[in-house]
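The values are calculated or read from the model by the stated rules, or taken from the named source; none is laboratory data. All values reported here derive from a predicted model rather than from experimental measurement. Counting neighbours? That spans all protein chains shown, and the Cβs are built from the backbone with ideal geometry, glycine included.
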Amino acid sequence: MDTTTAPTATIDALKLRQDVSFAKKGLIFALISGMCWGCNGVILSLAFTTAVLSNNAYWLLAPLTVGALHDTCSAFWLLVFNGFTGRLKELARTLRSKPARTVMLGALFGGPIAMSSYMLGVKFAGPAYVMPITALYPAVASIFASIFLKERICPRAWCGLVLCVVGGVVIGFTPPEGALGSDFYLGIAMAVVATLGWGIEGVLATSGMDLLDPAVALNVRQLTSSAVYMLVVLPLAGGYMLLTPALTSSIGWVFPVAAFTGALSYLCWYRAMNMTGVSRAMTINITYSLWGILFSAVFTEVHITISIILGALVITSGMILVVGNPKDMTNLRDVR
Amino acid sequence: MDTNMAGKPLKMMVAATFLDGAARNAETVHQLVAGSYPSERYCSRATIAEHLKSLKAVGVLQEDGSYLDDTGALVSVYRISEYGVEKLRKAQ
């Protein structure tokens, strides 16, 4: 190797700059992921403005059909991306590898299981109770990451994480309506399952990505999620009767467009988890609730309220604490 | 090259090149793995350098040292960690 003699201090400074730049890139990916997910929610919500998908008779099948179409279109966009960047052979190799099984398991937890549980939770217990529980998923993921991945999370980052979760709850809170139904506790249990599902997905996906390319791992995730939705979840939830009406209605464009922002969001999220760790990526990702409100205020008739401003301030404070000093992120885990 | 790794994902293969305990940089790793991914533009030096940074961040590799090359660019040299050896063993 040809080497140039240089002062150790210069090399150390360059090395630190390179490591910090890598960590900062991960944080930017996490932020873009949150912004795209906020945009994704606003676009996808348009799907429920059609008569067929807002019909109370399809309270479970409609959102699951939307979820199935979203993940299927997202898998397609990722195939295009991976084809364009020369990763299709890598996708085939990855699908046959052992770490891909971890990603597929994560896809099951974070896709169909968590989403179906969330929908059932909202139905049985109402959003006022389900939303604050499911907002805890970054905290759950961080606990799992510190246990199973030995991820380093300092006390300051834990404080930031709590603030981000509280900010998310403040922004999304809706007052409870009416008396509690007889299935209330079942709904709460379903919300807990959804929270655990999303938390587990982050840890399993990150563990798999230790040895896999994030963009390819994500394609595996979306293909798995799409297959399970189409072959298991939809038949169990009532069938495929809403697929054609949804795609051929006036809002048929919503699915590929939302899936594009969803694929971009997930792509950034998976890369961020791989570059800055599960806890930071998930905590910054939860800012989607803030971005969602901002996009809604710009493109729809949602008004900015005091609680939204308060939630935004709390989330921003939390993010500053989580990000802290990027120099601390050059080694994410406590392993030898 | 470990024959058990044939047809494996590139990032996994990159990590596996360190199983012999040697310290390597991106260029050396690229030379070792390129033959297993013939005519694939995905198997580039830049992709391998990115995978090495990622493998280092999650603890599979450790930085063994660094130097400046003829052009003044920083070159990092990596070595596998105990965690990395265990992770690869489980992944095969």
Residue list for the stretch B:1-20, restricted to those being out of contact with any Leu (no Cβ under 7 Å at 6 or more places or on another chain), modelled with pLDDT under 95 and part of a loop (DSSP other than H, G, I, E, B):
B:Ala6, B:Gly7, B:Lys8
Please enumerate the residues belonging to the stretch A:209-234 that are within 14 Å of another protein chain (Cβ to nearest Cβ) and assigned to a helix (DSSP H, G or I).
A:Met209, A:Pro214, A:Ala215, A:Val216, A:Ala217, A:Leu218, A:Asn219, A:Val220
Residues of the stretch B:49-89 being among the aliphatic types (A, V, I, L, M) and within 14 Å of B:Thr17 (Cα to Cα), which ones?
B:Ala49, B:Leu52, B:Leu55, B:Val60, B:Leu61, B:Val77, B:Ile80, B:Val85, B:Leu88
Being more than 14 Å from chain B (Cβ to nearest Cβ) and at pLDDT below 80 is the filter; apply it to the stretch A:321-336 and report the residue that is surrounded by the most Cβ atoms within 10 Å (Cβ to Cβ).
A:Val322
Against the conditions (1) part of a helix (DSSP H, G or I); (2) farther than 29 Å from A:Arg280 by Cα; (3) facing another protein chain (nearest Cβ under 7 Å), where does B:Gln31 fall short? Just the number, please.
(3)
Does B:Gln31 fit the bill of being at pLDDT below 95, surrounded by fewer than 16 Cβ atoms within 10 Å (Cβ to Cβ) and on the phi < 0 side of the Ramachandran plot?
no
Among the residues of the stretch B:45-64, how many are outside any helix (DSSP H, G or I) and facing chain A (nearest Cβ under 9 Å)?
5
Screening A:Thr248, A:Thr206 for residues that are within 26 Å of A:Ser21 (Cα to Cα) and among the hydroxyl-bearing types (Ser, Thr, Tyr) leaves only A:Thr206
State yes or no: is A:Val42 within 27 Å of A:Met241 (Cα to Cα), away from chain B (no Cβ under 14 Å), in contact (Cβ under 8 Å) with a residue 60 or more places away in the chain and assigned to a helix (DSSP H, G or I)?
yes
Pick from A:Thr10, A:Thr72: which is in a helix (DSSP H, G or I), polar (S, T, N, Q) and either in contact with a Ser or Thr (Cβ under 7 Å, 6 or more places away or on another chain) or in contact (Cβ under 8 Å) with a residue 12 or more places away in the chain (or both)?
A:Thr72
Does at least one position in the stretch A:46-69 carry a residue that is crowded, with 22+ Cβ neighbours inside 10 Å, closer than 14 Å to A:Tyr266 by Cβ and in contact with a Ser or Thr (Cβ under 7 Å, 6 or more places away or on another chain)?
no
